[in-house]
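The values are calculated or read from the model by the stated rules, or taken from the named source; none is laboratory data. Source: prediction; values computed, not measured. Note: ideal-geometry Cβ built from the backbone for every residue, glycine included; neighbour counts use all protein chains shown.
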Amino acid sequence: MSSQKKSEVSQKLMVNATGTAPAPASEKIPLIARPFVSDRAKKTLDIVEKFVEEECIPADSIFNQQLGEGTAKRFTGHPPIMEDLKDRAKELGLWNMFLPKNHFKEGAGFSNLEYGLMAEYLGKSRTASEATNCAAPDTGNMEVIAKYGTPEQKKQWLQPLLDGKMRSAFLMTEPDVASSDATNITLNIRKEGNEYVLNGSKWWSSGAGDERCKIYIVMGKSDPQNSNVYRQQSVILVPADTPGITIHRMLGVFGYDDAPHGHGHISFDNVRVPASNMVLGEGRGFEVIQGRLGPGRIHHAMRSIGAAERALEFFVARLNDPRKKPFGKQLHEHGIMLERVARSRIEIDSARLLVLNAAITIDSKDAKFALKEIAEAKVLIPTMALTVIDRAIQAFGGAGVSQDTPLANMWAQGRTMRIVDGPDEVHLLQLGKNENKRGKFLLDRIEWQKQKGDEMAKKYGITRRDPLQLDRVSGTKSKL
Ligand SMILES: Cc1cc2nc3c(=O)[nH]c(=O)nc-3n(C[C@H](O)[C@H](O)[C@H](O)COP(=O)(O)OP(=O)(O)OC[C@H]3O[C@@H](n4cnc5c(N)ncnc54)[C@H](O)[C@@H]3O)c2cc1C
């Protein structure tokens, strides 16, 4: 295709069937959130959208192909297209947008809400988050070091992470215990002179497969006898090349290897690190992991909304594919499909409001203040996204579960979100417990309202009776 023809095609792709350009991202911000979004963030959001749609999404399949084949190769490869995307993102000013301005001077100066809006677009592409240095688990890990790290730790680890020169992993989950309850974590951290010695094993260490992953943030038990079970754990920084560490294998996600980052199964055999690698102080591991997870859950949720939006785009495109006419009609002429589209739109839009509200609540104070809103988003969004992706898969028939669309991979990724960072049940239980705290009060208030009604009835000379009172006695006429 000539370059002129190519440019005509790309121009055409940017306009709707009506001949108008689609509204840019900044104009699609829900009205309720707009007063909290600065003009600078709106401008950046539009650049993010364009970068994702025009540069990252087309690059996604190239990235995968450049990784090559075979476990050894895929976990040592650095697709050149990623470095090009990173250069381009920096050129566009899209770098480290995730570090919220009210807590960190190192980030790009946006609020959780503003970055959340951007994360939605990043979630539409496989490569966009890493290209802008906003990929998990590095984002959460950088937050930990920025929030709790000593100046030395920041210099050694935070700066290269912020520069996108290395990657990191967060090691909490263990193969032999129920890790959704972090008090069960058993990896042993023992102090010996000026060092800590680590023994134990970890799995689902996301990002550890990447050769550029140089630092592990490890949670273990440093004081197993402490009577307070929340003071037994510590979090410590462990360089990935420390002797005694073995990455045994990578874990697949529904058959996907998630290379080059992957999810490692790792053992620690007398691994020694300097005592100065402790984060925040011995026994403060719970504090560290709790501080890490609030905004991270919002990032995941907004990326999942982006994935759901992309699934809906594929869904609608398929409904309008003129080659596909089951039973003589295009899919959009089958009412059930339009109903599914409508339901998807409603569910995505309502879920987005929930997450944006959580982000605004965090911005108004801090993540602790927004625990309820964060938990609601953590539970609702993955389920919503999976439902929308599933509907899109269904519309594609066999192609939907194949490699011919990104839908199957999106579903696999989305399904993990109901487990990662604590399974649904843990958050539901907490939300349910908190909601139930009102039980006694509500019981009393309902009784009080009944009594007050009785008093009012007396005042108005009304005899209280059931609205469906019948009093029909067989063989007699009703009294009413
Ligand atoms: C793709 C992926 C990436 C991950 N990345 C990381 C990472 O980077 N670092 C890391 O440390 N971990 C990571 N994890 C691990 C993840 O956080 C844990 O799998 C999760 O916390 C659950 O722990 P577990 O697997 O030990 O399951 P368990 O704790 O054994 O729980 C199993 C099941 O028990 C049920 N359950 C648990 N608690 C309750 C309850 N209170 N009430 C009722 N039912 C309950 C739930 O159905 C739960 O799924 C990742 C996992 C996946 C799948």
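Just the residues that are buried (at least 16 other Cβ atoms within 10 Å of the Cβ), modelled with pLDDT of 95 or more and not β-branched (V, I, T), please, taken from segment 76-89. Residues satisfying the conditions are P79, M82, L85, K86, R88, A89.
Within segment 186-205, the only residue that satisfies the criterion of being surrounded by fewer than 22 Cβ atoms within 10 Å (Cβ to Cβ) and within 11 Å of the ligand (Cβ to nearest atom) is W203. Among the conditions (1) buried (at least 21 other Cβ atoms within 10 Å of the Cβ); (2) free of Cβ contacts under 8 Å to residues at least 40 places away in the same chain, H300 misses just one, which is (2).
Collect the residues in segment 157-195 that are of a type in the set (S, T, Y) and under 22 Å from the mean Cα position of the chain (by Cα), keeping them in residue-number order. Answer for segment 157-195, where residues must be of a type in the set (S, T, Y) and under 22 Å from the mean Cα position of the chain (by Cα): S168, T173, S179, S180.
Report, by residue number, each residue of segment 232-252 that is outside any loop (DSSP other than H, G, I, E, B) and closer than 20 Å to I145 by Cα. Reasoning before the result, please.
To start, the set of residues in segment 232-252 that are outside any loop (DSSP other than H, G, I, E, B) comprises 233-239, 245-250.
Within segment 232-252, Q233, S234, V235, I236, L237, V238, P239 meet the criteria.
To keep it simple, each residue is scored yes or no on (1) in contact with a Phe, Trp or Tyr (Cβ under 8 Å, 6 or more places away or on another chain); (2) within 26 Å of D138 (Cβ to Cβ).
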site: D269; (1), (2): no, no
site: G281; (1), (2): no, yes
site: R292; (1), (2): yes, yes
site: I298; (1), (2): no, yes
site: S304; (1), (2): no, yes
site: V316; (1), (2): no, no
site: A370; (1), (2): no, yes
site: E373; (1), (2): no, yes
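Scanning segment 381-440 for residues that are crowded, with 20+ Cβ neighbours inside 10 Å and over 23 Å from the mean Cα position of the chain (by Cα) yields A395, F396, G400. From the list L312, L338, L356, L331, exactly one residue is surrounded by fewer than 18 Cβ atoms within 10 Å (Cβ to Cβ) and closer than 25 Å to W411 by Cα. Which is it? Residue meeting the stated conditions: L338. Identify all residues within segment 122-179 that are hydroxyl-bearing (S, T, Y), within 15 Å of the ligand (Cβ to nearest atom) and in a loop (DSSP other than H, G, I, E, B); write none if there are none. Within segment 122-179, T173, S179 qualify. Against the conditions (1) away from the ligand (no atom under 14 Å from the Cβ); (2) at pLDDT 95 or above; (3) over 30 Å from Q66 (Cβ atoms), G291 satisfies every one except (2). For beta carbons closer than 7 Å, sequence separation of 6+ or different chains, a first residue in segment 356-372 that is assigned to a loop (DSSP other than H, G, I, E, B) and a second that is small (G, A, S), the qualifying pairs are A367/G294. Listed here are the helices (runs of 4 or more DSSP H) enclosed by segment 388-480 that have at least 2 residues being more than 30 Å from F314 (Cα to Cα), without any contact (Cβ under 8 Å) to a residue 40 or more places away in the chain and more than 16 Å from the ligand (Cβ to nearest atom): 439-459.
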